[in-house]
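All remarks here apply to the structure that follows.
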Amino acid sequence: MTHAYTKVRQALCYGSATLGAAALAALIAAGSAAAAESHGIATAKAAAEHLAAGKADDPTVLKAAPINARRVFVYDPKHFAVLTQFYMIDGDTARVVGTADGGFLSNPVVASDGSFFGQASTVHERIARGKRTDYVELLDPQTNNPIADIELPNAPRFLVGTYPWMTALTPNNKTLLFYQFSPQPAVGVVDLAGKKFDRMIEVPDCYHIFPSSNDTFFMHCRDGSLLKVGIGAGGKSQTKRTEIFHKENEYLINHPAYSTKNGRLVWPTYTGKIFQIDLSSQEAKFLPAIEAFTDAEKKEGWAPGGWQQVAYHRESDRIFLLGDQRAASKHKAPSRFLFVIDAKTGKRINKIELKHEIDSVAVSQDAKPQLYALSTGDKALYIFDPETGKEVSSVNQLGAGPQVVMTSDM
């Protein structure tokens, strides 16, 4: 891709196009001279003609199509750089339709109804030093323009951006909850409707946040139980522990799958034992555990692996688990296979050979879903048909090291 075409693509992907018609046309001409016309260049030409029809130097705001279940959000922490980036992708066309910048290890979230996406973020006034500002930013999914900017107190420390479910939205998308590691374990409550920080709720040594209602969430504790937390009115929260549901040596992966729509929590271990918990009743109902691999496969070294190793599709009640043959303690290494499992029966439905080193997986929540497989090494998102296992499209050049892939729970 030529430098000129790269500039054109950047202009089209960002919410505000800052190039005038003449400048944009010049870039297109330079790009066309060096490469055959592609879909992107054709789109840029159309944009230039649109600008030329009006005032040549007026900027134009380019809007993405209305969001649907196949809008994909890819977060690139850029190998722990101080500035990070979101990519918003249309799964139907396999095109980047927007980008947004973030601070150091920002915590991405996507509204379950698709009304916004955003992040809890951290920036410093001198990029990598100076006064620190923590804030929550919400963005419009069609323009990528900010619709809320909420500054947080200086105390919270939530640098866990590559771990989904350390920051979460309540089912009504009106409250954001974020985990604080220091100076003590706590959960921050941000009133998105009122656009203000509410309070911190002190919790014991428990992690991850799974909202089961607009005023209740669950966390996982070190003893193998869940902690139920009632946000409460007037700053009065209530907590209650569940039974212990896994043994001390059954180590859970860091990236479970959870649906706020039906309250299903799907949580594999390093060996492929999958715990399922139904939180829809505001109490924890522990379902029978599933073994993703047979004893023979475990002896051959088959185990889950990747960054986001598991995804869950509500309507079909299916689990998608990344796996490969690997040595012990290599559970963060990418996988080349995806195992499709019936969440109700535990029966394996399919084993898909992905033919790429995949780090993270997600699935759209429509009736005929798409499967999204993200490769950090390839800097690419591969899109599959989960029924046939066929790769149908891909999107490349996604930053420096994309790790997190998210969809709305529509």
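Rule-based calculations on the coordinates, nothing more; no lab input. Treat the numbers as computed from the prediction; the structure is a model and nothing was measured. Here the Cβ positions follow ideal geometry from the backbone for every residue, glycine too, while neighbour counts run over all protein chains shown.
Miscellaneous remarks
- When the chain is treated as a Gaussian network with alpha carbon springs shorter than 10 Å, the biggest mean-square fluctuation among Ala69, Ala128, Ala373 belongs to Ala128.
- Convex hull of region 198-341 built on C-alpha atoms - directionally averaged projected area, nm²: 9.2
- Taking Val97, Val136, Val392 in turn, the Gaussian network model of the chain (Cα-Cα springs below 10 Å) assigns the largest fluctuation to Val392.
- Across Lys298/Lys355; Lys174/Lys368; Lys285/Lys344, pairs whose alpha-carbon gap is larger than 18 Å: Lys298/Lys355; Lys174/Lys368
- At R0 = 35 Å, FRET efficiency that the Cβ-Cβ distance of Glu300 and Asp385 yields, to 0.05: 0.80
- Counting only residues at least eight positions apart within a chain, or on another chain, the aspartates and glutamates with an alpha carbon under 12 Å from that of Lys236 are Glu202, Asp215.
- Most mobile listed residue (Tyr135, Tyr312, Tyr258) in the chain, GNM with C-alpha springs under 10 Å: Tyr135
- For region 303-410, the square roots a ≥ b ≥ c of the C-alpha gyration tensor eigenvalues yield an a/c of 1.5 or more together with a/b not exceeding b/c, which makes the shape oblate.
- Summarising the amide proton neighbourhood of Ile147: residues at separation of 5 or more, or on other chains, whose placed amide H is nearer than 5 Å comprise Leu138, Leu139, Asp140.
- Taking a straight Cα-Cα cut-off under 13 Å and skipping sequence neighbours fewer than 8 places away in the same chain, the aspartates and glutamates within cross-link reach of Lys379 are Asp76, Glu357, Asp359.
- Separation of region 337-399 from region 224-276 is 25 Å, based on Cα centroids.
- Amide H contacts for Ile349 (H built 1.01 Å from N in the peptide plane; partners 5 or more residues away or on another chain; cut-off under 5 Å): Val340, Ile341, Asp342.
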